[in-house]
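Structure record follows, encoded as structure tokens.
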Amino acid sequence: MCALPAIEGGVPQRDSMLRYGAPDVDGEDIRAVNEVLKSSWLTTGPKVSEFEELFAAKVNVADAIAVSSGTAAIHTALASLDLKKNDEVILPSMTFLATANCVVHCGAKPVFADIEPSTLLISAEDIRKKITKNTRAIIAVDFAGQPCSYDKLYKLIEEFGLILIADACHSLGASYKAKSVGGLADLTAFSFHPVKHITTAEGGMLTSLERNSTKFAYQFRNHGIDLDAVSRNKQQTWSYDMQMPGFNYRLSDMQCALGISQLRKLDHFVSKRRKIAQYYFDAFGGFDLLKPLKKLPDRVHSYHLFVVQLNLHKLSASRSHIFKALLQEGIGVNVHYTPVHQQSFYQDNYESKCINTDDVYKRILSLPIHPIMQVNDVTDVVQAVKKVLSYYAV
């Protein structure tokens, strides 16, 4: 029998906590930010457009707009649709709250579609059941870093005349049928939070297949003003016009300098994540107390998260108990996510039926995965998980 897990008084696998996610910031990143601090532009300056151009080239799109967060990117995308009170937007409940909150902020109604239980990606079949005459858009969430089944989604948007938005906050560096995430939907939102593939501390990017949406986004992120500071400086004018009530969703030059430096290392970061994921797949291949999410063959995963499903019917402990036991082992596990439709606000205001989502949520855990993990860190995760689950095996 395995030694007792630390929560029961045994010796923990690690002396210090291994976080589930962490940024890899090095001397090059620090120097890039310091150079901006010595310059005359701390925000709304040349580094913003430089970051946008480099990012657009990286994901193979014509244009990209830097904003202050992934949430800001989703909000900007939805705001460009000019949604009305009775308009509906279909999205998965298995996502971070921001995806749904932005629909509400735009005055529309979020409609929650169920997921495929093996991948946690939105179900095209359930979307079809929930399309009504009021449906305006679909938000596809590339959960954990694996792109959705875009061919199935294309058929729906073409058949019903809808807009497709990709919440790609998990999937920078991923691709679907050899096409990079960023150009797979009408509008695509990315996040640069510290646990994402690259970081600007806080920040996001919006890519678009339509220039009109891009023009809207430039104004929306800057209070709705037609000319930003750089443009006024070039035109030698003080004049500007607010053409809509926008927001301050700007990203500073300091953050963009960090983003530029990080973007140069994106391939390395994603490669590290894939190697860690493969180690987990190999290590848990014959371990029947949990099951990793399914990898689909026609797309390339970028592994923002590594999520497993516990076989609770083979365990004598609850997910909550196992979660705490692994924390006591020094393994910073997490749960992504409590479904949005289970949150109090959404329960009180919207009716939802997502059977697969409710069922899967009860048994998912996210294991640590990030580019600063070393071989011994990954080994510690595997050993701690096997130790805890084996102890509670029935």
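The values are calculated or read from the model by the stated rules, or taken from the named source; none is laboratory data. Predicted model only: the values in this text are computed from it and were never measured. Note: ideal-geometry Cβ built from the backbone for every residue, glycine included; neighbour counts use all protein chains shown.
So the values come out like this:
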{"read-out": "The stretch 313-333: number of residues that are over 19 Å from D15 (Cα atoms) and of a type outside the set (K, R)", "value": "7"}
{"read-out": "Filter result (farther than 16 Å from K234 by Cβ and of a type in the set (K, R)) within the stretch 32-48", "value": "K38"}
{"read-out": "The one condition in (1) out of contact with any helix residue (DSSP H, G or I) (no Cβ under 7 Å at 6 or more places or on another chain); (2) buried (at least 19 other Cβ atoms within 10 Å of the Cβ); (3) at pLDDT 95 or above that K129 fails to fulfil", "value": "(2)"}
{"read-out": "Residues (at positive phi and surrounded by 24 or more Cβ atoms within 10 Å (Cβ to Cβ)) located in the stretch 153-185", "value": "G173, G182"}
{"read-out": "The stretch 185-221, residues that are at pLDDT below 95 and part of a strand (DSSP E or B)", "value": "S208"}
{"read-out": "Given (1) touching a helix residue (DSSP H, G or I) at 6+ places or on another chain (Cβ under 8 Å); (2) among the small types (G, A, S); (3) at pLDDT 95 or above; (4) surrounded by fewer than 17 Cβ atoms within 10 Å (Cβ to Cβ), number of the condition S239 does not satisfy", "value": "(3)"}
{"read-out": "Any hit, the stretch 151-158, residues being touching a Phe, Trp or Tyr at 6+ places or on another chain (Cβ under 8 Å), assigned to a helix (DSSP H, G or I), touching a residue at least 12 places away in the same chain (Cβ under 8 Å) and not charged (D, E, K, R)", "value": "no"}
{"read-out": "Pair list, Cβ under 6 Å, 6 or more apart: the stretch 51-68 residue touching a residue at least 60 places away in the same chain (Cβ under 8 Å) and more than 12 Å from F190 (Cβ to Cβ), other residue assigned to a helix (DSSP H, G or I) and among the hydroxyl-bearing types (S, T, Y)", "value": "D63/T214"}
{"read-out": "Qualifying residues in the stretch 309-344 (those that are touching a residue at least 24 places away in the same chain (Cβ under 8 Å) and among the hydroxyl-bearing types (S, T, Y)) - the one surrounded by the fewest Cβ atoms within 10 Å (Cβ to Cβ)", "value": "S316"}
{"read-out": "Members of the stretch 242-280 that are closer than 30 Å to R232 by Cα and among the β-branched types (V, I, T)", "value": "I260"}
{"read-out": "Number of the condition not met by V360 [criteria: (1) within 25 Å of the chain's Cα centre (by Cα); (2) closer than 27 Å to P23 by Cβ; (3) aliphatic (A, V, I, L, M)]", "value": "(2)"}
{"read-out": "Tabulated pairs, the stretch 120-147, first closer than 13 Å to D87 by Cα, second among the acidic types (D, E) and not in a loop (DSSP other than H, G, I, E, B), C-beta under 7 angstrom, 6+ apart or interchain", "value": "T132/E88; N134/E88; T135/E88; R136/E88"}
{"read-out": "Considering residues of the stretch 78-100 that are within 22 Å of the chain's Cα centre (by Cα), assigned to a loop (DSSP other than H, G, I, E, B) and among the polar types (S, T, N, Q) only, the residue nearest to G246 (Cα to Cα)", "value": "S80"}
{"read-out": "Hits in the stretch 266-308 (condition: of a type in the set (A, V, I, L, M) and surrounded by 18 or more Cβ atoms within 10 Å (Cβ to Cβ))", "value": "V270, I276, A277, L289, L290, L293, V300, L305, V307, V308"}
{"read-out": "Pick from the stretch 1-14, criterion modelled with pLDDT under 95 and part of a loop (DSSP other than H, G, I, E, B), ranking: farthest from the chain's Cα centre (by Cα)", "value": "M1"}
{"read-out": "Residues within the stretch 228-261 that are within 22 Å of the chain's Cα centre (by Cα) and β-branched (V, I, T), tallied", "value": "1"}
{"read-out": "Residues located in the stretch 27-50, provided they are part of a loop (DSSP other than H, G, I, E, B) and either touching a residue at least 24 places away in the same chain (Cβ under 8 Å) or buried (at least 17 other Cβ atoms within 10 Å of the Cβ) (or both)", "value": "S39, W41, L42, T44, G45"}
{"read-out": "Test: residue in the stretch 272-284 that is at pLDDT 95 or above, hydrophobic (A, V, I, L, M, F, W, C), within 28 Å of K179 (Cβ to Cβ) and touching a Ser or Thr at 6+ places or on another chain (Cβ under 9 Å)", "value": "no"}
